[in-house]
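Q: Got a structure here, written out as structure tokens. Questions coming.
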Amino acid sequence: MMAKAVEEPTAVEEPTAVEEQKVPRTSLCLCEQYVRVTEGAALTAARWLGRADQEAAERDAAAAMRALLDDFPIDGRVVIGSAGEESPLRVGGDIGAGGDEVDLALDPLEGRGVVARGGNGAMSMIAVGERGSLLNLPDMYMRKLAVGPRARGSIDLLKPIAENVQAIADAFGRRPADITTIVLDRPRHHDLIEEIRAAGARIKLIQDGTVTASISAAIRGTNDHLAVGIGGTRQAVMSAAALRCLGGEVQAQLWPTTRGEIEQAREAGIEDPTRVFTTEDLAPGEVIVAATGVSNGDLLRGVRYLADSARTHSLVMCTRCNWVRFTDGVHFFARERREEVRLLGY
């Protein structure tokens, strides 16, 4: 008898390293495109630097931001924006040309008073989350602590500031005297400032820009380690979105000043006004954050106008793509141009 032929097993192709690394996505992430929005707002706002008109600077920045977002392939809902029914970025408004449903937190000019005075550290910012993800809190004060990845898990908003300073110093392997805290220069922070001084930490007083301060505390090279103080609920949510991307931590607690504000909180579903909100409470899910400098600061360089162009410096962050990217952009004002593109620093 003839032996039966043995069938060769069918070869199974092993997945390549590239295929193994692929992450299934339902649609292309737009994170890199959102920087166009903050660049447009920053280019417009920077024209008002030092001109003592903060309302005009914010108005023009908001109009520029709205014009760019109207063409975006999104179905956007503004959860944080400008006050007033006439504002192009009013809360509750819809923006976009249709597409993915997203929540938008918009600040066309973080530090409008800084721009009016010709100061440092102003920027334009946008945070984007999945629909229903960015926490919509009543417009009131919130006290908060914000730190970077090294000190994450070390802070406790309910503990004295001296204990938090020591915990942050321990996380960095430093002394309290080597820790820099950023505090908004306001009368309400008088006691806080004295407590920080007693703890032995350094203090950087700022006039505006609490979101910028939170981001600065989470990025090395700024020599900032902690942003602390009482600011707005809007700024707390935007800070949380940014620190989600940076691996930092925010803890925040409502700071109502009237009985009416306590009632507002309850109407918003917050039964316990003393509740401490975490980073994930304020900005859960996948988030995108983009920011462009308007005036020079420790974090971002401001807009620089040249003969027929301008240069911007931006920060783009995305939890979905898992990256943080600094972007240097050159924007030409005419198609026919004679000015050369310059290397950074020249």
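Q: Assuming Leu184 fulfils every condition listed in (1) modelled with pLDDT of 95 or more; (2) over 30 Å from Glu267 (Cα atoms); (3) not basic (Lys, Arg) apart from one, which condition is it?
A: Of the numbered conditions (1) modelled with pLDDT of 95 or more; (2) over 30 Å from Glu267 (Cα atoms); (3) not basic (Lys, Arg), the odd one out for Leu184 is (2).
Q: From the set of residues in region 133-152 that are assigned to a loop (DSSP other than H, G, I, E, B) and in contact with a Gly (Cβ under 8 Å, 6 or more places away or on another chain), which is farthest from Thr210 (Cα to Cα)?
A: Applying the filter and picking the extreme gives Ser133.
Q: Can you go through Glu101, Glu86 and tell me which one is without any contact (Cβ under 8 Å) to a residue 24 or more places away in the chain and either more than 19 Å from the chain's Cα centre (by Cα) or closer than 17 Å to Val289 by Cα (or both)? Let's see the steps before the verdict.
A: Details: Glu101 fails: without any contact (Cβ under 8 Å) to a residue 24 or more places away in the chain.
Result: Glu86 is the single residue among Glu101, Glu86 that is without any contact (Cβ under 8 Å) to a residue 24 or more places away in the chain and either more than 19 Å from the chain's Cα centre (by Cα) or closer than 17 Å to Val289 by Cα (or both).
Q: Residues in region 172-180: is at least one in a strand (DSSP E or B) and either more than 18 Å from the chain's Cα centre (by Cα) or modelled with pLDDT under 95 (or both)?
A: yes
Q: Out of curiosity, is Arg234 in a helix (DSSP H, G or I), under 28 Å from Gly269 (Cα atoms) and modelled with pLDDT under 95?
A: yes
Listed here are the residues, each with its yes/no results for (1) out of contact with any His (no Cβ under 8 Å at 6 or more places or on another chain); (2) in a loop (DSSP other than H, G, I, E, B); (3) buried (at least 24 other Cβ atoms within 10 Å of the Cβ).
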| position | (1), (2), (3) |
| --- | --- |
| Leu109 | yes, no, yes |
| Val114 | yes, no, yes |
| Gly119 | yes, yes, no |
| Leu158 | yes, yes, no |
| Ile168 | no, no, yes |
| Ala198 | yes, no, no |
| Thr212 | yes, no, yes |
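Q: Checking the structure you have, find out if any residue of region 282-298 is surrounded by 15 or more Cβ atoms within 10 Å (Cβ to Cβ), on the phi > 0 side of the Ramachandran plot and small (Gly, Ala, Ser). It would help to see each step written out before you state the result.
A: Filtering region 282-298 for residues surrounded by 15 or more Cβ atoms within 10 Å (Cβ to Cβ) gives 282-298.
Subsequent filtering for residues that are on the phi > 0 side of the Ramachandran plot retains 285.
Next, from what is left, pick out any that are small (Gly, Ala, Ser): 285.
Checked region 282-298: at least one residue is surrounded by 15 or more Cβ atoms within 10 Å (Cβ to Cβ), on the phi > 0 side of the Ramachandran plot and small (Gly, Ala, Ser).
Q: Is it the case that some residue within region 103-111 is modelled with pLDDT under 95, farther than 22 Å from Leu226 by Cβ and among the charged types (D, E, K, R)?
A: No, region 103-111 contains no residue that is modelled with pLDDT under 95, farther than 22 Å from Leu226 by Cβ and among the charged types (D, E, K, R).
Q: Got at least one residue in region 96-104 being within 21 Å of Ala236 (Cβ to Cβ), touching a helix residue (DSSP H, G or I) at 6+ places or on another chain (Cβ under 8 Å) and assigned to a strand (DSSP E or B)?
A: Taking region 96-104 as the starting set, the residues that turn out to be within 21 Å of Ala236 (Cβ to Cβ) are 102-104.
Filter once more, keeping what is touching a helix residue (DSSP H, G or I) at 6+ places or on another chain (Cβ under 8 Å): 104.
Now drop any that are not assigned to a strand (DSSP E or B), which leaves 104.
Taking every residue of region 96-104 in turn, at least one turns out to be within 21 Å of Ala236 (Cβ to Cβ), touching a helix residue (DSSP H, G or I) at 6+ places or on another chain (Cβ under 8 Å) and assigned to a strand (DSSP E or B).
Q: Related question: Restricting to region 170-192, name every residue that is of a type in the set (A, V, I, L, M, F, W, C) and surrounded by fewer than 18 Cβ atoms within 10 Å (Cβ to Cβ). Let's see the steps before the verdict.
A: Let us first name the residues in region 170-192 that are of a type in the set (A, V, I, L, M, F, W, C), namely 171-172, 177, 179, 182-184, 192.
Residues satisfying the conditions are Phe172, Ala177.
Q: Right, something else. When you go through (1) assigned by TED's automatic domain parsing to the domain that holds Arg117; (2) more than 23 Å from the chain's Cα centre (by Cα); (3) of a type in the set (S, T, N, Q) one by one for Gln264, which number turns out not to apply?
A: (1)
The values are calculated or read from the model by the stated rules, or taken from the named source; none is laboratory data. Here the structure is a predicted model, which means the values were calculated and not measured. Please note: Cβ atoms are built from the backbone with ideal geometry, for glycine as well, and neighbour counts cover all protein chains shown.
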